[in-house]
Amino acid sequence: MDSLLKNLTYIDFALLLITVLILRILYRAFLYPEFLTPLHKLPTPRHRSLTRGNYTKSDSSSHIARLRHWKETVANRGLIRYYLPGNQERVLVTSVEALKDILVFKSSDFVKPAAVKQRLSRITGNGLLLAEGEVHKMQRKSLMPAFSFRHVKDLYPVFWSKSVEMARRLESEILDINANNRGLVEVKGWATRATLDIIGLAGLGHDFDSLQNPKRSLMRQYRQLRQDPSPLETALTTCLMFLTDYADQVVSLLPTKRMTQIKAASQAIRTVCHGALEAKKRERTSGSSGQGDMDIATVALDSKMFTDSELVDQMMTFLAAGHGTTSHALQWAIYALCKHQEIQDRLRKEVRSHFPSIADGGSGPSATHLDSLLYLRAVCNETLRLYPPVPSTIREALRDTTVAGYHIPKGTVFIISPAVTNVDVELWGPDAEEFKPERWMQEGCANSGGVSDAVGFLTFLQGPRSCIGATFARAELACLLAVLVGRFRMELEDPNREEELTKRGIGAAPADGLRARFEVIEGW
């Protein structure tokens with residue numbers, strides 16, 4: 001063998017390499033999906049391209065729109081096999097039985113793929129979101145006191161005060177006679193700044209003051225992290241997908257401008273978290289922190305479960321997930337209320353009739369009082385159902401297992417999509433795709449929306465990997481929305497524009513941000 005290699009010329013080696021690459025592409029594009037996949041019994045959409053998988057060139061729909069279309073048009077018993085560009089195989093989960101197998105009954109058989117973890121870790125650190133198995137169980141148990149029902153109720157004044165601060169600063173900007181496009185608001189920026197301040201206080205006991213100063217470095221760092229890849233990087237990734245399942249990881253090793261900025265931004269956020277944690281430790285040592293402090297950092301420190309590096313990872317996780325997802329939810333809520341002015345008017349009437357004016361400068365409503373607003377709760381729940389901030393997530397089989405009666409080999413990659421399940425007509429009825437808060441106000445439906453099975457509301461997932469911050473997120477969204485609707489009348493800049501749920505990075509917000517006209521309504 002050694003002598004054979006020695007006799008190879010550079011041309012021979014190049015030809016050999018080209019031959020191997022051609023065979024690999026042939027295997028990935030044709031042989032595997034047509035003849036060799038162990039999942040051949042699973043139904044698959046028609047019209048698979050050798051290069052684009054089931055993403056045909058003529059189809060301009062978003063990824064989520066395609067998944068919804070396949071769920072409705074491909075006859076299936078809980079699982080649909082499809083192919084990404086590069087013919088990477090994926091399995092869409094469509095039935096309650098299959099979802100329960102993966103998320104509840106056999107959750108230990110499934111993990112996030114390594115490539116996904118690497119990509120997310122730049123934003124979230126290696127905290128609770130990316131932990132698996134026993135490590136995840138111990139971390140979740142240690143952090144759970146910060147998200148208990150009672151503690152979240154104690155955070156309502158934080159949620160309310162930041163919501164009021166946002167409204168006042170918005171009003172000041174709207175009334176500024178020197179401002180261009182008077183009344184036109186870039187909702188994304190305001191929502192992100194408010195939620196970042198809130199999670200800073202609830203997570204680290206630290207106010208980032210993003211509402212006061214939108215040019216703060218932390219805001220810039222998160223914008224850097226969420227850059228889209230360049231056309232060249234996208235093309236290279238697509239080509240590499242024919243050769244490896246780790247195309248994203250390979251591209252991330254290249255010294256491109258985007259990757260350099262992303263790595264620098266990730267390190268900068270890590271430094272901010274480390275600094276805030278060190279300040280928290282000093283406060284505790286000096287006795288200057290309040291005895292009732294129960295922010296996430298305090299709970300993590302008290303647990304004595306985490307090293308300093310692990311503490312930073314946890315703070316990165318909750319900063320990223322805690323502000324991004326609620327920001328997206330608030331943007332979608334405003335979009336939905338702009339599209340349905342009658343719902344906006346009804347919600348405003350409820351808020352104004354139950355709460356004192358924010359102009360009075362009071363401490364705000366109690367948690368019990370806020371939770372008693374049935375229509376506010378219904379609007380928030382319906383927003384989270386129809387526009388889940390994280391519209392899809394991914395799991396890989398850690399070992400050979402079964403799902404919905406099918407044999408599933410190790411390494412099979414599943415797509416679990418709240419954006420698909422949450423509008424399943426079999427679970428929600430024929431009006432599943434309508435924005436209809438009233439479904440949450442029917443007798444016995446306040447917590448279910450009338451869905452036929454609890455797993456049908458998948459926004460916060462289900463089972464041991466369900467979102468630890470679900471109660472926190474709901475309360476935060478309710479406060480933000482109540483204040484904005486109570487104080488402003490909102491209309492889309494372009495009332496005819498239809499926003500599509502399109503995933504970018506971790507979550508999904510209206511494309512290019514949400515632009516709406518805010519009009520101050522006096523009397524509250």
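Tabulated data for the structure shown
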| item | result |
| --- | --- |
| Of residues in the range 108-148 being among the small types (Gly, Ala, Ser) and buried (at least 19 other Cβ atoms within 10 Å of the Cβ), the one modelled with the lowest pLDDT | Ala115 |
| Filter result for Gln344 (under 24 Å from the mean Cα position of the chain (by Cα), closer than 29 Å to Glu493 by Cα and either surrounded by fewer than 17 Cβ atoms within 10 Å (Cβ to Cβ) or polar (S, T, N, Q) (or both)) | no |
| Flag for Ser353 being out of contact with any Lys or Arg (no Cβ under 8 Å at 6 or more places or on another chain) and either of a type in the set (Ser, Thr, Tyr) or surrounded by fewer than 22 Cβ atoms within 10 Å (Cβ to Cβ) (or both) | yes |
| Every pair of residues 6+ apart whose Cβ atoms lie under 7 Å, when the first sits in the range 434-460 and is farther than 20 Å from Ser392 by Cβ and aliphatic (A, V, I, L, M) while the second is modelled with pLDDT of 95 or more and surrounded by fewer than 17 Cβ atoms within 10 Å (Cβ to Cβ) | Met441/Leu374 |
| Failed item, numbered, when Leu376 is tested on (1) part of a loop (DSSP other than H, G, I, E, B); (2) farther than 16 Å from Leu92 by Cβ | (1) |
| Cβ-Cβ under 8 Å pairs, at least 6 apart or on other chains, the range 53-73 side in a loop (DSSP other than H, G, I, E, B), far side among the small types (Gly, Ala, Ser) and at pLDDT below 90 | Tyr55/Ser49; Thr56/Ser49; Lys57/Ser49 |
| Helices (runs of 4 or more DSSP H) enclosed by the range 399-517 - at least 3 residues per element that are among the small types (Gly, Ala, Ser) and touching a helix residue (DSSP H, G or I) at 6+ places or on another chain (Cβ under 9 Å) | 470-487 |
| Odd one out for Asp228, checked against (1) in a loop (DSSP other than H, G, I, E, B); (2) surrounded by fewer than 18 Cβ atoms within 10 Å (Cβ to Cβ); (3) more than 22 Å from the chain's Cα centre (by Cα) | (3) |
| Filter pass, Asp209 being surrounded by 15 or more Cβ atoms within 10 Å (Cβ to Cβ), at positive phi and in a loop (DSSP other than H, G, I, E, B) | yes |
| Gly364 being touching a residue at least 12 places away in the same chain (Cβ under 8 Å), within 23 Å of Ser161 (Cβ to Cβ) and among the small types (Gly, Ala, Ser) | yes |
| Failed condition for Ser172, given (1) over 24 Å from Ala359 (Cα atoms); (2) surrounded by fewer than 14 Cβ atoms within 10 Å (Cβ to Cβ); (3) of a type in the set (Gly, Ala, Ser) | (1) |
| Some residue of the range 246-261 being among the small types (Gly, Ala, Ser) and closer than 27 Å to Phe472 by Cβ | no |
| Selected residue (criterion: surrounded by the fewest Cβ atoms within 10 Å (Cβ to Cβ)) from residues of the range 74-96 that are part of a strand (DSSP E or B) and under 21 Å from the mean Cα position of the chain (by Cα) | Arg90 |
| Residue list for the range 326-380, restricted to those being under 20 Å from Arg169 (Cα atoms) and hydroxyl-bearing (Ser, Thr, Tyr) | Thr326, Ser327, Ser357, Ser363 |
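The values are calculated or read from the model by the stated rules, or taken from the named source; none is laboratory data. These numbers were taken from a predicted model, which means no experiment stands behind them. Note: ideal-geometry Cβ built from the backbone for every residue, glycine included; neighbour counts use all protein chains shown.
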